[in-house]
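The values are calculated or read from the model by the stated rules, or taken from the named source; none is laboratory data. Keep in mind it's a predicted model, so treat the numbers as computed, not measured. Note that we place each Cβ from the backbone using ideal geometry, even for glycine, and neighbour counts take in every protein chain shown.
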Amino acid sequence: MTTATSRTGHLPRTVLVMAAAAVLVVVVPVLGLLWRVPWSRFPELVTSEASLAALGLSLRTSAAATALCVLLGVPLALVLARSSLPGLRTLRTVVLLPLVLPPVVSGLALLTTLGRTGLLGARLEAAGISVAFSTTAVVFAQTFVSLPFLVLSLEGAARTAGTRYEAVAATLGARPGTVLRRVTLPLLLPALGTGTALAFARSLGEFGATLTFAGSLQGVTRTLPLEIYLQRETDPDAAVALAVVLLAVAALMVLLTQGGAGRRSVARRRDGVPR
C-alpha cells in the first residue's frame, strides 16, 4: 500500500480515475485503427508507387520545413524570452496564432499572400517565381503551422534557464556571439531537440494548409496525409495502412522527445538536483 502510494505521489483516487479516462480517450482510437489494419496486405499497401511517392515527399518537405523552423525559430524564441522590446506581447500573439487557427484558414492566409494574385505572389510571378501549388508551397505551409511549436518550447526553456550564466560569461569578457554559441545554445539544446522533433511531427501531419495552398499533385504536393485522405474514398484498407505508417513516425518523434526528457531527469537525480 505504501509503495503504491509513493508511486502515485499521494494523488487522490479521483485524479487517478480521471487520468485513466484521459488515457483511454487517446489509446482506444489508436487500438481501433490498429485493429482495422489488413496486416496480410500491409506490405503491399504501403509500398505502392503512390504511397512511396507521398511518403518520400512528406519526409523531404518536413525535413526542409523543420530546418527553416530551427533557423528562424531559435532567434525568435530568444528575442521573445530575453529582450525587452516594445510590443513583445503582440508579437508573441501573432507568432502563436497558427496554433489556434483552423488549418484551412492558415492555407488561405498563405494563398492570399503568396498565391499568383496575392500580396507578394503577384510580384514574385512578375519576376518569374511561382510559389503556390508547388513543392515550395508545401514547405511554406508546413513551416507556417510548425514554427510556433519550436518557438513555444524554446522560449519556455530560455525563461526557465535564466540569464545568470550568460551574465557571468559577459563579465569575463565574452562577446555576445560567443556567449550565444558557447553558453546559451548548449543550455537550450535539450529544449531545442524537443521543439525540433515536435516541429517535424507537426510538419509531417500537416493537411489543411497544404491542401489549400499547395493542392494535391502526385509527386509534387501530395504528401502522405493527402494521400491517406484520397485513399479513404477509393481504397479504405490502403488509407488505414498508410495511417499506421504516419502514426508510427509520429510515435517515434514523441519517443525521441520523451527519451531526452528522461535522460535529463536521471542526470538531475544523480547530481542531487530536484526535478
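Descriptive notes on the structure:
- One residue stands out among those in the stretch 113-127 that are in a loop (DSSP other than H, G, I, E, B) and in contact (Cβ under 8 Å) with a residue 12 or more places away in the chain: the one that is surrounded by the most Cβ atoms within 10 Å (Cβ to Cβ), which is 115.
- Scanning the stretch 123-155 for residues that are among the small types (Gly, Ala, Ser) and within 24 Å of residue 94 (Cα to Cα) gives 132, 137, 141, 146, 153.
- Against the conditions (1) among the charged types (D, E, K, R); (2) over 21 Å from residue 68 (Cα atoms); (3) touching a helix residue (DSSP H, G or I) at 6+ places or on another chain (Cβ under 9 Å), residue 202 satisfies every one except (2).
Table: residues versus (1) modelled with pLDDT under 95; (2) more than 23 Å from residue 200 (Cβ to Cβ); (3) in a helix (DSSP H, G or I).
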position: 5; (1), (2), (3): yes, yes, yes
position: 17; (1), (2), (3): yes, yes, yes
position: 24; (1), (2), (3): no, yes, yes
position: 60; (1), (2), (3): no, no, yes
position: 65; (1), (2), (3): no, no, yes
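- When restricted to residues that are in a loop (DSSP other than H, G, I, E, B) and surrounded by 13 or more Cβ atoms within 10 Å (Cβ to Cβ), the stretch 167-189 contains 1.
- The stretch 26-49, subset of a type outside the set (S, T, N, Q) and part of a loop (DSSP other than H, G, I, E, B), residue nearest to residue 244 (Cα to Cα): 37
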